[in-house]
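Report on the structure given below.
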Amino acid sequence: MRHFFHALKWILFTLLLIPVSFYLIVTLINIKDEAPSEQATTYLTEIDSINSELTNNLKNNAYLFALGFDVTKDLSPLDIGIKRFEQIQSQGKAKKYKIAAFKKPQLPIDECLNKDDFVSACKAALNKDGAPQLHEYLWLLERYQQLLNIGTWQDGTNFSTFSESTPFSSLLIAQKLYLLNLYTNTNHIETSLIIDAINRDMHFWQQISADTHILIAKMVSSSAIEMNMKLGEIIITQLSKQEARSSLPQSWLETMSPKILSLDNVKIGEWSYFNKTTQAMLAVDDSEDITTKLTTLLLLPLMQQQDTANRYAAILLGTSPRQACPTTLSIDTIGQYVYNPMGKFILCSGIPSFKRYQESLDNLESKRTSLVERLKQ
């Protein structure tokens, strides 16, 4: 029996030694991180420039006004926007600046816009229900026009899961009210002023699409550009055919620029966001329980931040493919993942594909072309 326990002790010791030894070997392999790649260095330089320009452009910046756009009519969107911007700059160290938002109106066109024959459907809905609540939200129309009048849109790359986001749902409601107001007053406003108003709205959202570094802002601006064309078409069809053909907004007649349809700026912001997220994932939090702290400490040596950042930069640039995580364990898999295993698993499982976003943006140009062709018939 004594020999049995002696053998059992050595078996248990060996079973424990194997994973510990493997962990120590992998830790030694991961003792040194990579230097920043050329693309990562380019991104870092661009990020510094972007955030510096933002800090120096706090007065004439539609981004700051938009940050506070959802506040009630007695408050200043710019003042609230600046306070929310300060929270974003604190990188989660300050509490989110919460404040009461205005109540969004229910509009009669929300359902009809998704129909194939949305022009007829929305006109029928508007003729039946009218454009209610416009008189109650004249202050919101004025606020939206203030936003359109601001010359620039300059956001940054310091956004994170802890920071305030732009209240785009409030902006989109205001855009619909702005365009519905044009529809209801078509017979009372000069055609040139109607066309100019549609142009101003389109240029504003195109500017956001061209200049933003935030993915959600890019996709919201894409939706707003499409909304401008849809509601704009409903407005234009109120005019006589001859007048409509000769009075199309210039922004509809021009091919959309590559910057509007490109995700290049957004990829800089996503790369910055990804780096902050991976750093936060492996940060040791004193408030966590001992098991979580110990697990984090054990995983830290297996995560190479710069190598992970370099690999993601290459994926975004298109010089490296986005790979799927391995489904089976083999010697080849172990060899591939022995260096920076945590970073590689994050890259194969936790990063978005930009394909569907790019497809959505590319469709904007074909929708613009189709719109112009329909109205010129």
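Some notes on this structure:
- For the condition of a type outside the set (Asp, Glu), part of a helix (DSSP H, G or I), within 22 Å of Lys123 (Cβ to Cβ) and in the same structural domain as Leu134 (by TED's automatic domain parsing), Met229 qualifies.
- Among the residues of this structure, Ile216 counts as one that is at pLDDT below 95 and under 17 Å from the mean Cα position of the chain (by Cα).
- For Gln175: the one exception among (1) under 21 Å from Gln106 (Cβ atoms); (2) at pLDDT below 95; (3) not hydrophobic (A, V, I, L, M, F, W, C): (2)
- Annotation note: Cβ proximity below 6 Å between a residue of segment 68-89 that is assigned by TED's automatic domain parsing to the domain that holds Leu172 and a residue that is assigned to a helix (DSSP H, G or I) and surrounded by fewer than 15 Cβ atoms within 10 Å (Cβ to Cβ) (sequence gap 6+ or interchain) occurs for Lys73/Trp139.
- When residues of segment 316-345 are limited to those that are closer than 23 Å to Asp264 by Cβ and surrounded by 15 or more Cβ atoms within 10 Å (Cβ to Cβ), the one farthest from the chain's Cα centre (by Cα): Ser320
- Leading residue by the ranking (nearest to Pro77 (Cα to Cα)) among those in segment 126-142 that are of a type in the set (A, V, I, L, M, F, W, C) and at pLDDT below 85: Leu134
- For segment 349-359, residues that are surrounded by 15 or more Cβ atoms within 10 Å (Cβ to Cβ) and part of a helix (DSSP H, G or I) total 1.
- Of the helices (runs of 4 or more DSSP H) lying entirely inside segment 128-225, those carrying at least 2 residues that are among the charged types (D, E, K, R) are 138-149, 191-211.
- Residue ID - farthest from Ala40 (Cα to Cα), chosen from residues in segment 295-347 that are assigned to a helix (DSSP H, G or I) and hydroxyl-bearing (Ser, Thr, Tyr): Thr295
The values are calculated or read from the model by the stated rules, or taken from the named source; none is laboratory data. Keep in mind it's a predicted model, so treat the numbers as computed, not measured. Ideal geometry is used to build each Cβ from the backbone, glycine not excepted, and the neighbour counts take in all protein chains shown.
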